[in-house]
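Here the structure comes first, spelled out in structure tokens, and everything after it is commentary.
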């Protein structure tokens with residue numbers, strides 16, 4: 001199981017903020033592909049400029065392996081406070 | 001110390017508590033940011049944070065500022081959730097031996113918070129809602145410290 005969180009504009013595009021994906025994909029790119037296959041608009045938004053990913057609350061670049069129970073957050077460009 | 005909270009705060013109370021019991025601090029500089037209404041154009045702000053991530057990032061920045069400006073102490077309080085125009089949204093205080101470091105630290109921390117802190121901000125207007133991104137000015141202000 002992977003817990004997926006969306007922040008900012010992404011959550012409006014998807015219409016949800018948090019969900020569990022079970023069984024969880026083994027990598028970040030596989031997770032993105034799975035989400036994009038279910039929701040084309042979300043897939044495009046995830047590939048948009050400035051979108052970052054965090055695994056277990058740490059920013060990651062490129063593809064990374066996902067352990068069972070991992071928390072993956074997709075972050076829209078940050079606005080500042 | 002960094003605190004993200006949904007409840008409103010009183011900047012005067014925060015400042016008084018921050019100044020209390022200091023024997024070696026010669027200077028405290030504080031900044032309070034207030035949500036602007038844009039003459040009725042903005043009915044409320046919605047500020048989203050990622051708990052455990054947003055606070056950790058800001059804490060890291062506060063620690064870096066503490067070392068860079070030789071601060072005795074730092075306090076950052078930031079509202080999250082729904083904020084009405086006229087309400088305080090952010091409070092920053094820096095304590096140092098002398099004023100220059102305290103002024104610069106507060107300025108630096110605010111430039112960081114306005115442009116790079118991991119928040120997502122949405123403006124609710126009478127005609128709809130829109131996500132806000134840092135302005136050019138916010139970005140160039142923050143680059144002064146790089």
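Every test in (1) at pLDDT 95 or above; (2) under 27 Å from residue B:139 (Cα atoms); (3) buried (at least 18 other Cβ atoms within 10 Å of the Cβ) is passed by residue A:81 save one, and that test is (1). Residues of segment A:56-72 that are within 11 Å of chain B (Cβ to nearest Cβ) and more than 22 Å from residue B:114 (Cα to Cα): A:56, A:71. Note on segment B:27-80: among residues that are within 10 Å of chain A (Cβ to nearest Cβ) and free of Cβ contacts under 8 Å to residues at least 24 places away in the same chain, the one that is farthest from residue B:115 (Cα to Cα) is B:52.
Looking at A:6, A:34, just one residue is over 30 Å from residue B:60 (Cα atoms) and either within 14 Å of chain B (Cβ to nearest Cβ) or over 10 Å from the mean Cα position of the chain (by Cα) (or both), and that residue is A:34. Here is a check on your reading of the model: is residue B:79 within 16 Å of the chain's Cα centre (by Cα), at negative phi and at pLDDT below 95? When the stated conditions are applied, residue B:79 does not pass them. I'd like to know if segment A:37-49 contains one or more residues that are in contact (Cβ under 8 Å) with a residue 12 or more places away in the chain, touching a helix residue (DSSP H, G or I) at 6+ places or on another chain (Cβ under 6 Å) and closer than 23 Å to residue B:117 by Cβ. The answer is yes; a qualifying residue exists.
The values are calculated or read from the model by the stated rules, or taken from the named source; none is laboratory data. As the structure is a computational prediction, the values presented were derived from the model and not from experiment. Because the Cβ atoms are built from the backbone with ideal geometry, glycine has one as well, and the counts that use them run over all protein chains shown.
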